[in-house]
Each structure stands twice: as C-alpha cells, then as structure tokens.
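FYI, it's all coordinate maths here, none of it is from the lab. Everything numeric here is computed off the predicted structure, so don't read it as measured data. Note that each Cβ is placed from the backbone with ideal geometry, even for glycine, and that neighbours are counted across all protein chains shown.
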Amino acid sequence: MPRPLIELVCALLVGGLCIAGFVEATNYTGPSGYLPKAVTVFALLLSLIWALQSALSLQKRKKEASQEPMSLARTALFMGSSLAYVVAIPFIGYFTATLVFIPAVASTLGYRKLRILLGAPLVFVIALYILFSLVLQVQLPEELLLQLVGIR
C-alpha cells in the first residue's frame, strides 16, 4: 500500500478525532471551552490540509511507478496513540497530553532532531497558555502539568 494512501487514511481519521474532540469541547461551559474548541478546529484544518497533500501526492504517485512498502505497525501505532491522546485529554489535560503526544508520535514517524522534537511542543504549549490565560484571561480547566509546575 503506498505511503500517501496510508497518510490520507490517517489524516481523515485524525480529522474524525478532531471532530469528536470539538463535540466534546462543546460540553465545556463558559470561557473554559474556548481553548479546546479553538485547538480542535485548528487541528481539524491541519488534518484537512494533510489529507489534501496526501491525496495530491497519491495522484502524483499514480503517475509514477515506484512503490514503498506499507508499514502497518507504524500506522497502527499512530492511530492508537492518536486515540490515546484524545482519551487522555479529559484526564490529564490538554497541555500535558500535547507535551507527551507530539514528541512521541513525531519520533515514531521518524523525526530525529531532538531539540525541535522537544522544543516545538513546549513553545506551542507555552504560547497557548500565554494567549488564553494571560492575554484573553480565559479560565483554563484543571491541568496536571500546571499543578506540577506550580501555576495552579
């Protein structure tokens, strides 16, 4: 099975998880629902871009004759970790789950630059915290990471 097809399926499944996350976020009352809704909509847009890129790559690949072997184990690991991420968010919080999920999945998919692998999610989480907590002054839900750091 060609890699772009695997990525297309994964992108569509991630998009489905984002929709499920958004539906879950609609149950949050008041300003504490802004962050989860915004993040899931943003993630949905990114997954749709990923799906579009994969579809275009698949179309281009059909014109070419080369084939890459399917990595069913990596695909299953990605799908399982994505599901675990969505399930973990209500229990440990968005920031904590994101700091664990992004580096784990990126390294599983073959990304090896450790500084970026750990730094990008950290910068992303800090930027989101500053935006929603300090700038917009939105009351964020209880978060394991914020309790461990001593912010809450």
Using only Cα atoms and rounding to the nearest 10 degrees, what angle (0 to 90) does helix 114-129 make with the longest principal axis of the chain? 40
Largest fluctuation, Leu118, Leu72, Leu48 only, Gaussian network model of the chain with Cα springs under 10 angstrom, belongs to Leu72
How many nm separate the modelled label positions at Tyr111 and Gln59, each set 7 Å beyond the Cα in the direction of the Cβ? 2.7
Neighbours of Ala106 by Cβ distance under 15 Å: Lys/Arg at +1, Asp/Glu at -1, summed charge +3
Could you list Tyr94, Tyr28, Tyr85 in order of exposure, starting from the residue whose Cβ has the fewest other Cβ atoms within 10 Å? Tyr28, Tyr85, Tyr94
On Cα atoms only, tilt of 72-92 relative to the major axis of the chain in degrees: 10
